[in-house]
Amino acid sequence: MTKNLAKGNKLFILLLQKYSILNFLAHTYLSGENKNIALGNLIGDMVKGNAYENYETDIRTGLILHRAIDSFTDSHEVFLHSKRLISPSFNRYSGIVADIYYDHFLAKYWSDYCDTDLQKFVNTIYVLLIKKYTQLPPRAQRITPFLIIRNWMGNYGHLQALHYVFLGMHRRTLQKGNMHKAVDVLQLHYDELENDFRVFFEDVKLFSKEKLAELSAIPNQANTT
């Protein structure tokens, strides 16, 4: 069994070398009750340019929301503080690492933010990925089986699982990002990063709620950028 687990972890690391798996949990959580919007928000990094116009309305809304959340995050002072804090270790990759750190805290303290059990919530997303599989962009189709089998969204709260994510990212960046040390850096600054997450997440929740209301009021989101 240990040998099979090690083989599975190596396979997932190889997958991560080619396809980034970032803060999926936060993006799906911030999508409200509509699971198709959550799906669009989840695959947002994999749909480039105007390709979002090819999707049905709710998924398109999620894709637009994803871009808005990313812009909000990249300019938020608390997130920038997290980046500065870990920048000596990760340089230009500090934003990617901070994203994953924040998903870790969301998973760990999930019950503070959602009444639905984490695994139950994640399972609904997995089921939706399967149902909508043929509509997913190619990159999402390739990672979906591994995302589900390894239960990565459900495991972000565990440091060992997080370590395997970072090992894959480390290899994907040709070992230039020092991400093999990411869990050690997280533990070194754990309290400060957790505080950053809690402050930031309240703000991004409010932003996402307001943005969703704005998008819902627009008859044709495909004309929204």
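Points worth noting:
- Subset of the stretch 71-86 [surrounded by fewer than 16 Cβ atoms within 10 Å (Cβ to Cβ) and either in contact (Cβ under 8 Å) with a residue 12 or more places away in the chain or part of a helix (DSSP H, G or I) (or both)]: SER71, ASP74, GLU77, ARG84
- Checked across the stretch 203-210, the condition of being within 17 Å of the chain's Cα centre (by Cα) and under 23 Å from ALA51 (Cβ atoms) holds for at least one residue.
- Scanning the stretch 104-134 for residues that are over 29 Å from LEU186 (Cα atoms) and surrounded by 15 or more Cβ atoms within 10 Å (Cβ to Cβ) yields a count of 3.
- So SER94, is it farther than 18 Å from LEU25 by Cβ and surrounded by fewer than 20 Cβ atoms within 10 Å (Cβ to Cβ): no
- The listed residue being in contact with a Ser or Thr (Cβ under 7 Å, 6 or more places away or on another chain) and modelled with pLDDT of 90 or more, out of LEU128, LEU188, LEU193: LEU193
- Residue ranges of helices (runs of 4 or more DSSP H) in the stretch 117-225 with at least 2 members touching a residue at least 60 places away in the same chain (Cβ under 8 Å) and farther than 24 Å from ALA68 by Cβ: 138-149, 159-172, 182-188, 190-216
The values are calculated or read from the model by the stated rules, or taken from the named source; none is laboratory data. It should be emphasised that the depicted structure is a prediction, and the values quoted were computed from it without experimental measurement. All Cβ positions, glycine included, derive from the backbone under ideal geometry; neighbour counts span all protein chains shown.
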